[in-house]
Each structure stands twice: as structure tokens, then as C-alpha cells.
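Participant: This is the structure I want to talk about, given as C-alpha cells.
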Amino acid sequence: MSKVIESLREEWENHKGEFVLTQSHKLERFISIGDDGDDYYYVTYDGRKITWNSTVGKLIYLKGKIDDGDYNEFIRLAKLNHWDQISTWSNGREQDEELVKEHKRKLTTHDDENNKYLTDICWDLK
């Protein structure tokens, strides 16, 4: 394994599932590392869609850098609004679980066979 991939995997292990600021100045969750054959990517999720951010830029990690109460507000809002989370309003209905599974499947299915994930996908909120 190359030192670059090893370093990226270590970074992912230390920050998977955390809220980050991307190079596009967006608040998203860091869920995986990707590879398209030409570049490596920080894979982030905004509650609706996945974005592949080139590792040429960087992620700004927020956990432990901002007030815990403020960070926990991101988690609270994600539990209510992110489509990968079983809503607190669903009361565990089976059809809601199926919708979440289908949403995740659609997000992680690639049209381009060169795109692949180098890590698991972390859907947990951290």
C-alpha cells in the first residue's frame, strides 16, 4: 500500500463520520476515501448527496475545535434532516428503513467502473 493511501486511511480512521468544512466551504460529513484511478478523494455527505473532494485540497475538522454544544447541534440537526438517518419521527416504521437503505444504495452505486471506495462508508454521526 502506498504511503499516500496509508496516510489517507489513517486520516479517515481518525475523523470518519465527523462534520467538516470542505474546500468548497460547505459543512458536510466525512464518510469515506475514494479513488477514480487518477486522483484520491475525500468523500463527504451533506444529508442528501455525496461529493468527491480532491485530496489536493484539505478538509477542516471541527470536532474538538469548536464548542461541543455547537458541534452537537450539527448532530442533532442531522438526525432530523439527513436522509441516511432513520428520522425520530418515523417511529421505526419498516418502510422508512427501506427508504434509507435505497437512498444509501443509490448514492454509493457508480456509473464509472473506475470509481471505487478505499474505505468503508461511515454513516454514523460522530
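Please treat every number below as a calculation from the coordinates, not as lab data. Quick caveat: nothing in here was measured; it's all calculated off a predicted structure. In this analysis, Cβ positions are derived from the backbone assuming ideal geometry, glycine residues included, and neighbour counts consider all displayed protein chains.
Participant: Tyr41 - would you say it is in contact with an Asp or Glu (Cβ under 8 Å, 6 or more places away or on another chain) and closer than 30 Å to Glu6 by Cα?
Facilitator: Numbers: in contact with an Asp or Glu (Cβ under 8 Å, 6 or more places away or on another chain): yes; closer than 30 Å to Glu6 by Cα: yes.
Spelling it out, Tyr41 is indeed in contact with an Asp or Glu (Cβ under 8 Å, 6 or more places away or on another chain) and closer than 30 Å to Glu6 by Cα.
Participant: Let me ask something additional. Can we say Ile66 is without any contact (Cβ under 8 Å) to a residue 60 or more places away in the chain, over 23 Å from Lys106 (Cβ atoms), of a type in the set (A, V, I, L, M) and exposed (fewer than 15 other Cβ atoms within 10 Å of the Cβ)? Before you say what the answer is, go through the steps one by one.
Facilitator: Values: without any contact (Cβ under 8 Å) to a residue 60 or more places away in the chain: yes; over 23 Å from Lys106 (Cβ atoms): yes; of a type in the set (A, V, I, L, M): yes; exposed (fewer than 15 other Cβ atoms within 10 Å of the Cβ): yes.
In short, yes.
Participant: Further question on the same structure: Among Ile33, Ile75, which is within 18 Å of Cys122 (Cβ to Cβ), in a strand (DSSP E or B) and not acidic (Asp, Glu)? Talk me through it step by step, then tell me what you get.
Facilitator: Details: Ile75 fails: in a strand (DSSP E or B).
Criteria check complete, one pass: Ile33.
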